[in-house]
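The block underneath contains the structure these notes are about, expressed in structure tokens.
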Amino acid sequence: MMSHTDPTPPDVPALPAPALQRLREARHLVVLTGAGISAESGIPTFRAAQTGLWSRFDAEELASPEGFLANPALVWGWYVWRHALVVRAQPNPGHQAVVALSRRYERCTVVTQNVDDLHERAGSRGVLRLHGSLAAARCMGCSRPHPMPPVQPLAPGDADAGRRIEPPRCPACGDRVRPGVVWFGEHLPAQALASAQEAAEDADVMLVVGTSGLVHPAAGLPARARAAGALVVQVNPLPTDLDPVCHHTLRGTAALVLPALVRALDP
Ligand code: APR
């Protein structure tokens, strides 16, 4: 895996000089990330064919309040499995490059749709979390925080396929404990969303990394930044619904393209 000090392989897409200069001179950089930035840490994305979570599991059944009430053990077990995947994973050079970028700017705002903590484990601070966190379970009734179960290390060759697990009960009110993520049909955390929208409107440059741009309101942030005069640059190996909104798209993976971008800024 590459780091932001290794020489850039010739096939890593680079920003044209004028755009790179704008990025170099920016005062406020906003980085918006999705599941793609964690893909190279072994965390499945949501919509990738065959491997994406939604191609293997039913989003409505697993990521909605109705689904949880209908089948709490299935849903809780699924989030315990996803939480274990994240605990066993490590940030990759894409996350690390975001930290390096944030040190370069007067103001750098990291906004993520991800529910893993790999940005923070890489060293990012003040990350705006739009879709909650796998580590922040709480009581469905009284919202009292509740720890996720401890994660056992896997023996070599062992795989964790996940299983049905009854969600714990809240010691205070007895209601069920639910995952700390934002489910379909639920509101985003108001403060994080308002701060992300404010940052988008104040950005000189917005980097959009590893998101399909299908889930709103997060997917509306690049257009908001562009409308406010920001340069919008996307990093994604595949076409997305955001292509028309972005001034430039770097067709490559986060762990390759972002470190190369950091190097290009200060050659
Ligand atoms: N580097 C960069 N981008 C990548 C990589 C990679 N290594 N691997 C995949 N991608 C891209 C894919 O091409 C795709 O466009 O990441 C994107 C992932 O898209 P989704 O799976 O749709 O994930 P995301 O956009 O984060 O989903 C948004 O939807 O399911 C809900 O709440 C969930 O936060 C999630 C939201």
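The values are calculated or read from the model by the stated rules, or taken from the named source; none is laboratory data. All values derive from a computational prediction rather than experimental measurement. With ideal geometry, Cβ positions are generated from the backbone for all residues, glycine too; neighbour counts draw on all protein chains shown. For accessibility, only protein heavy atoms count, side chains too; no ligands or nucleic acids. Shrake-Rupley method; radii C 1.70, N 1.55, O 1.52, S 1.80 Å.
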Estimate the FRET efficiency between Asp202 and Gln90 by the formula 1/(1 + (r/R0)^6), using the beta-carbon distance for r and 25 Å for R0, to the nearest 0.05. 0.20
Between Asp243 and Ala59, how high is the FRET efficiency from 1/(1 + (r/R0)^6) when r is the Cβ-Cβ distance and R₀ = 22 Å? Nearest 0.05. 0.40
When the accessible area of the range 113-193 is computed with all protein chains present and a 1.4 Å probe, what percentage of it is carbon and sulfur? 54
Taking springs between alpha-carbon atoms closer than 10 angstrom, which of Asp243, Asp175, Asp158 fluctuates most in the Gaussian network model of the chain? Asp158
Which residues' amide hydrogens lie under 5 Å from the amide hydrogen of Leu231, considering only partners 5 or more residues apart or on another chain, with H built in the peptide plane? Val205, Met206
Percentage relative contact order, the chain, counting C-alpha pairs under 8 Å, at least six apart: 27
So, relative contact order of the range 158-266 in percent, Cα under 8 Å, 6 or more apart, is 18
Taking a probe of 1.4 angstrom, what is the accessible area of Glu201 in Å², to the nearest 10? 100
As an exercise, find the ratio Rg/Rh for the range 104-263 from alpha-carbon atoms, using the Kirkwood inverse-distance average for Rh. 1.03
Rounded to the nearest 10 Å², the accessible area of Leu238 at probe 1.4 Å: 110
Please figure out what share of the DSSP beta bridges in the chain is antiparallel and state it in percent, rounded to the nearest 5. 20
Relative to the longest principal axis of the chain, what angle (0 to 90°, nearest 10) does the C-alpha long axis of helix 254-265 take? 30
Stokes-Einstein D for the chain (4 °C, 1.567 mPa s, Kirkwood Rh from Cα pairs), in µm²/s, comes to 67
15 Å beta-carbon shell around Val86, net charge (K/R +1, D/E -1): -1
Here the FRET efficiency for Ala172 versus Asp266, based on Cβ atoms and R0 = 35 Å and rounded to 0.05, is 0.10
State the extension gain, in nm to one decimal, for the chain segment bounded by Arg24 and Arg107, taking 0.36 nm per residue of separation less the distance between their alpha-carbons. 28.6 nm
Residues whose placed amide H lies under 5 Å from that of Thr109, excluding near-sequence neighbours: Leu29, Val30, Val31
Carbon/sulfur accessible area of the range 202-259, % of total, 1.4 Å probe, equals 58
Degrees separating the helix 190-202 axis from the principal Cα axis of the chain, which is the longest one: 10
Cα-based Rg (one decimal) and Dmax (whole number) for the range 157-203, in Å? 17.7, 48
Could you report the chain's accessible area per residue, 1.4 Å probe, as an integer in Å²? 46
Once the Cα atoms of helix 93-102 and of the chain are each reduced to a long axis, what angle between those two axes, in degrees from 0 to 90 to the nearest 10, is obtained? 60
